[in-house]
Amino acid sequence: QVQLVESGGGLVQAGGSLRLSCQASGRTYVMGWYRQAPVKEREFVARISQSGGRTNYVDSVKGRFTISRDNAKNTVYLQMNSLKPEDTAIYYCTESGSYSGNPGVWGQGTLVTVSS
């Protein structure tokens, strides 16, 4: 089973940007990002197909976040722009066996804090 390690989280002011990275230990299929804010349910953020040709996002981040991947480096990224305090959460990298399937592998998470 592949292992996923996230990095790039931190503290940023509202309106700022961060780029999260997720390094996989091997080849991956559909990759995604989920997040969990304090006292809230974990929610889907974005996913990308194995080729990178298909992506989708939760409505609240459309136009602000971009998911991408570099298969040669076994890495997936989440570029987050125009950050808002409500984006504060632990962000988890995931892998799924299919585009519509639930994640089967999760990273340990990286904390993003957006101050107002």
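Of everything listed in (1) modelled with pLDDT under 95; (2) in a strand (DSSP E or B), the single unmet condition for Gly101 is (2).
Scan the range 1-14 residue by residue and report those that are open to solvent by 70 Å² or more (accessible area, probe 1.4 Å), within 15 Å of Thr110 (Cβ to Cβ) and part of a loop (DSSP other than H, G, I, E, B).
Once the filter is applied, which keeps residues that are open to solvent by 70 Å² or more (accessible area, probe 1.4 Å), within 15 Å of Thr110 (Cβ to Cβ) and part of a loop (DSSP other than H, G, I, E, B), the range 1-14 yields only Gln3.
Listed by first and then second residue, the pairs linking a residue in the range 15-43 that is of a type outside the set (Lys, Arg) to a residue that is open to solvent by 80 Å² or more (accessible area, probe 1.4 Å), with Cβ atoms under 6 Å apart and 6 or more places separating them unless they lie on different chains, are Gln23/Val5; Ser25/Gln3; Tyr34/Arg42; Gln36/Arg42.
Regarding the range 70-84, can at least one residue be identified that is free of Cβ contacts under 8 Å to residues at least 40 places away in the same chain and either in a loop (DSSP other than H, G, I, E, B) or in contact with a Phe, Trp or Tyr (Cβ under 9 Å, 6 or more places away or on another chain) (or both)? For the range 70-84, residues free of Cβ contacts under 8 Å to residues at least 40 places away in the same chain and either in a loop (DSSP other than H, G, I, E, B) or in contact with a Phe, Trp or Tyr (Cβ under 9 Å, 6 or more places away or on another chain) (or both): present. Of the residues making up the range 89-115, those that are more than 12 Å from the chain's Cα centre (by Cα) and either among the aromatic types (Phe, Trp, Tyr) or open to solvent by less than 30 Å² (accessible area, probe 1.4 Å) (or both) are Ser96, Tyr99, Gly101, Pro103, Val105, Val114. Within the range 15-60, the set of residues being under 20 Å from Glu86 (Cα atoms), open to solvent by less than 30 Å² (accessible area, probe 1.4 Å) and part of a loop (DSSP other than H, G, I, E, B) comprises Gly16, Ala37. Filter the range 62-113 down to the residues that are β-branched (Val, Ile, Thr) and more than 12 Å from Arg47 (Cβ to Cβ) and list them by number. Hits for the range 62-113 are Thr66, Thr75, Thr88, Ile90, Val105, Thr110, Val112, Thr113.
The values are calculated or read from the model by the stated rules, or taken from the named source; none is laboratory data. As the structure is a prediction and not an experimental result, all values here were calculated from the model. Cβ: placed from backbone, ideal geometry, glycine included. Neighbour counts: every protein chain shown. Remember, those area values only see protein heavy atoms, side chains included, never the ligands or the DNA or RNA. Shrake-Rupley method; radii C 1.70, N 1.55, O 1.52, S 1.80 Å.
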